[in-house]
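Below you'll find the structure, written out as structure tokens, and then a few comments.
Here, each number is a calculation from the coordinates, and none is a lab measurement. Computed from a predicted model, the values in this text were never measured in an experiment. Heads up, the Cβs are rebuilt from the backbone with ideal geometry, glycines too, and the neighbour counts pull from every protein chain shown.
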Amino acid sequence: MTSPLLAIRSLRAAYGKIEALKGVDVEINAGEIVALIGANGAGKSTLMMTIFGKPRARAGQILYEGRDITDVPTHAIAHLRIAQSPEGRRIFPRMSVAENLQMGADATGCTEAERDATLERVFTLFPRLKERYAQRGGTLSGGEQQMLAIGRALMSRPRLLLLDEPSLGLAPLIARQIFDAIRTLNRQDGLTVLIVEQNANHALKLAHRGYVMVNGLITLAGTGAELLQRAEIRAAYLEGGRHG
Amino acid sequence: MPAKPTTGILSILKTAVVNALIALVLFSLMVGIRTEAGSDGQLTYWMRFGELASLVAVVFGGSIVIELLRQWIGPSGTEKLVPPAVQSGMAFVGRFLAPALLIFALLVPVIFYNQRYILDLAILVLTYVMLGWGLNVVVGLAGLLDLGYVAFYAVGAYSYALLATNFDWSFWICLPLAGILAALWGVMLGFPVLRLRGDYLAIVTLAFGEIIRLVIINWQELTGGPNGVPGIPRPTLFGIPLDNSDDGLAARLGIEYSPTHRIVFLFYLILALALLTNWVTIRLRRLPIGRAWEALREDEVACRALGINTTTTKLTAFATGAMFGGLAGAFFATRQGFISPESFTFQESALVLAIVVLGGMGSQLGVALAALTMIGGFELFRGLETYRMLVFGMAMVLIMIWRPRGLIGHRAPTVYLTKAKAISSDLVKEGHG
């Protein structure tokens with residue numbers, strides 16, 4: 001088997017004295033959707049942010065296409081065709097939808113033709129964004145903002161897309177549309193996706209493989225279907241958190 | 001107001017009474033008792049009931065008027081109540097306001113040729129327009145609150161003054177140098193404050209402005225300290241002096257010399273500099289760097305995730321803003337012919353910042369209007385003497401109540417779809433999202 005697109009080896013990260021990642025190993029192969037699930041404060045978002053160099057890893061390695069990117073500055077990571085849709089969406093509220101999308105393309109230095117083609121793709125995935133392209137980002141609904149955040153990340157034409165809680169605070173129907181779009185991107189465009197979710201049911205159904213994180217450590221790994229079957233997962237994340 | 005017809009009067013009266021009571025407490029000591037040194041140096045004091053009562057009455061009445069206006073007009077949702085005809089009229093005015101202002105500005109020396117006072121005032125207004133546009137890059141676009149902008153104004157002014165008096169360099173060589181030096185100082189301020197935001201950034205920039213001023217005061221050998229730099233050369237029209245000499249412009253053109261020539265020249269000079277500032281800013285806004293500034297104002301974390309180098313983005317914003325401040329400073333020096341540290345106090349920074357905020361952060365036209373209002377307003381209220389600042393402060397408060405986003409809060413987007421993308425309407429109607 002070929003080497004993974006992204007390999008995380010015994011990664012440690014901390015906020016001051018509080019250790020958030022205590023030696024995490026995760027592998028993502030090209031063309032996969034990998035879900036990372038876990039309770040609040042398990043370190044899922046920290047892992048996502050550590051891949052982007054903020055906070056910096058205390059120990060361990062992050063290998064992308066075989067290259068060590070552990071110490072690459074945050075802004076330079078986006079140039080390696082890794083894109084991120086951060087937690088809480090973080091779109092630019094006073095800028096228009098078109099400008100938000102353009103921001104995604106700006107830093108990677110693509111040609112105008114490439115940009116237009118990517119824009120076309122984003123608008124096909126999320127026609128809502130095309131309708132609202134002149135509107136200010138802050139005036140969009142939550143679901144539209146999430147679409148914009150993903151669309152903005154796609155504008156840099158990534159190989160690997162990191163999604164932090166894309167279904168957070170969205171109505172089930174909208175959340176499903178987002179997940180459908182992610183599946184389409186994976187199947188049609190061959191995009192590799194790492195998705196962090198609290199909505200374990202949705203995420204594991206979508207993902208090829210999944211990791212379960214507890215207190216800064218990976219406790220379980222397996223295919224999405226396998227994990228969905230496990231009793232402890234069902235108890236902890238799928239049935240309202242009742243243990244036993 | 002139909003929303004709360006019964007409680008309206010009562011709540012207005014209540015607010016007015018409370019305000020009047022506060023005024024009574026405040027003014028009873030400040031105004032109600034007048035103290036003075038008597039003939040032998042002893043303290044004499046007497047009560048001034050009449051003045052106190054009238055002040056409290058004014059506050060009471062004023063509160064009622066303000067509350068009524070608030071209920072009728074509403075603080076920020078004004079647009080909804082404006083009839084559509086007026087709205088379209090305002091849009092029409094809005095579209096042609098900027099070109100009309102520009103044409104008017106170009107014609108000012110023609111219209112007011114014999115009114116030296118108005119020409120001087122116009123030059124002053126334009127200087128602040130330029131400073132406002134310069135600071136707008138830092139505060140309005142990049143969202144970096146800079147309370148020490150006057151430092152770059154000072155650097156530019158002293159750069160020109162010292163280079164011109166010590167080396168006899170012409171204005172046109174010194175002008176870009178002053179801009180570059182100010183930009184360098186902008187980067188020097190930028191480095192230590194890279195990690196700061198909001199209040200903390202404001203404090204450090206405030207200190208920076210004071211440091212520059214104190215250095216200028218204390219570095220006597222170079223800057224002349226509090227005595228300033230006298231005898232700064234006047235600008236020339238590319239080598240042709242604008243004076244009464246034989247090779248002056250008037251003599252060469254064979255027209256009668258008038259001191260107004262120089263004033264008119266200065267007017268067009270600052271107008272050109274201000275327009276350059278405006279043009280560069282508008283161009284930059286449409287480039288990735290300008291968009292990155294605005295994105296930085298919105299969300300720094302998202303910027304980094306999108307691959308924007310926030311360090312260089314911030315430094316370029318500081319440098320660009322500082323450069324325009326420096327150019328304005330060089331103009332100020334050549335116009336005055338004499339500069340001293342007194343011209344570069346915190347009050348100038350505050351005034352320029354007020355212009356940017358009042359104009360609506362980020363709006364070029366808004367900043368120009370605000371500079372006109374603020375500097376023109378100062379002069380307009382000159383007849384009110386001691387009450388000038390009071391009236392002026394009240395006007396500012398009122399503007400911020402009715403237009404909390406500034407005179408022109410609207411922000412024009414910089415990205416448009418290049419061509420109408422063909423997406424079939426059935427796809428749109430499918431209900432994605």
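Data table
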| item | result |
| --- | --- |
| Inter-chain shielding of A:88-100 (mean C-beta neighbours from other protein chains, 10 Å cut-off) | 6 |
| Contour excess over end-to-end distance, with Cα ends at B:N114 and B:A57 and 0.36 nm allotted per residue | 15.9 nm |
| Extension gain from B:Y387 to B:L68, taking 0.36 nm per residue of separation minus the Cα-Cα distance | 112.3 nm |
| Partner chain coverage, peptide A:106-114 - average Cβ within 10 angstrom | 3 |
| Nearest-0.05 FRET efficiency for A:H79 and B:A272, computed from C-beta distance (R0 35 Å) | 0.30 |
| GluC sites (Glu not before Pro), loop per DSSP, at most 15 other Cβ atoms within 10 Å - longest free stretch of chain B | B:1-255 |
| Estimated FRET transfer efficiency when R0 is 30 angstrom, pair B:L380-B:F167 (beta carbons, to 0.05) | 0.10 |
| Protection-proxy order for peptides B:42-49, B:175-182, B:150-157, each taking the mean of Cβ atoms within 10 Å per residue, highest first | B:150-157, B:175-182, B:42-49 |
| Non-local Lys pairs in the protein assembly as shown, i.e. 8 or more apart or on different chains, that have alpha carbons under 13 Å apart | 4 |
| Cβ neighbours within 10 Å from other chains - mean over A:126-133 | 4 |
| Cα centroid separation, the stretch A:81-123 to the stretch B:294-338 (Å) | 24 Å |
| Potential extension, A:R9-A:N40 segment - 0.36 nm per residue separation minus Cα distance | 8.9 nm |
| Considering only the protein assembly as shown, percent of DSSP beta bridges that pair antiparallel, nearest 5 | 60 percent |
| Karplus-derived 3J(HN,Hα), 6.51/-1.76/1.60, for each residue of the stretch B:405-414, Hz, glycine and proline x | 8, x, 4, 10, x, 6, 10, 7, x, 10 |
| FRET efficiency estimate (nearest 0.05) - Cβ-Cβ, B:Y200 to B:T44, R0 45 angstrom | 0.40 |
| Under 5 Å, built H, 5+ apart or other chain: amide partners of B:G360 | B:L407, B:I408 |
| Label-zone membership for the stretch A:179-203, site A:E120, 7 angstrom Cα→C-beta point, backbone N under 16 Å | A:189 |
| Spatial separation of Cα centroids for the stretch A:48-71 and the stretch B:342-407, in angstrom | 50 Å |
